Each structure stands twice: as structure tokens, then as C-alpha cells.
1. Scan the range 35-79 residue by residue and report those that are in a helix (DSSP H, G or I), modelled with pLDDT of 75 or more and loosely packed, with under 15 Cβ neighbours inside 10 Å.
2. I need a count of the residues in the range 24-34 that are assigned to a helix (DSSP H, G or I) and either surrounded by 15 or more Cβ atoms within 10 Å (Cβ to Cβ) or more than 12 Å from the chain's Cα centre (by Cα) (or both).
3. Out of the residues in the range 1-23 that are over 12 Å from the mean Cα position of the chain (by Cα) and outside any helix (DSSP H, G or I), which is farthest from residue 39 (Cα to Cα)?
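The values are calculated or read from the model by the stated rules, or taken from the named source; none is laboratory data. The shown structure was predicted, so the numbers you read here are calculated from the model rather than taken from an experiment. In this analysis, Cβ positions are derived from the backbone assuming ideal geometry, glycine residues included, and neighbour counts consider all displayed protein chains.
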């Protein structure tokens, strides 16, 4: 189960309630719980609403990967 969903459900909140507390859309919460990526600022809002320390973000969202670096490495390999 998705850690964000598990934390939300442990608090007895609906997706709408978490979205309101985080100040983001319910659609965003739904997407995040389905495993979609989101901006760092959105992660902060969600974690703050759930009272989860920022230091635990990788446990809730997985390790951050910078797509720019991956793209640069692909360009270098093909050159």
C-alpha cells in the first residue's frame, strides 16, 4: 500500500480532507497515491499536513531522481 494513503487512512482522513489540510487539490492527492510524481513543494505540503518530518520523504515518496541529470548522461553517452 502507498505510504501516503496508509498515513492518511491511519488518521481517518479522506482524500478531500488531506487535500484541504495540505492546500492542494484532491486530484493531486489521488495521483500521488497512485504513484505519480509531484513537485518537491507538493511533497512538503502533503508531509506537513500528515505531520511527517521532511527527512522521511524518501520513505513516503521514494528516492528523488533528477530527470535533468539522467537526460544529460544520455546525451553524453550518445556523443
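1. Pass one, the range 35-79, residues in a helix (DSSP H, G or I): 40-49, 54-61, 67-78.
Filter again for modelled with pLDDT of 75 or more, leaving 40-49, 54-61.
If the condition is that a residue be in a helix (DSSP H, G or I), modelled with pLDDT of 75 or more and loosely packed, with under 15 Cβ neighbours inside 10 Å, then 40, 41, 44, 48, 54, 55, 56, 58, 59 are the ones that fit.
2. From the range 24-34, those assigned to a helix (DSSP H, G or I) are 26-33; that's our starting set.
Cutting the leftovers down to either surrounded by 15 or more Cβ atoms within 10 Å (Cβ to Cβ) or more than 12 Å from the chain's Cα centre (by Cα) (or both) gives us 26-29, 32-33.
Residues that pass the stated criteria total 6.
3. The selected residue is 12.
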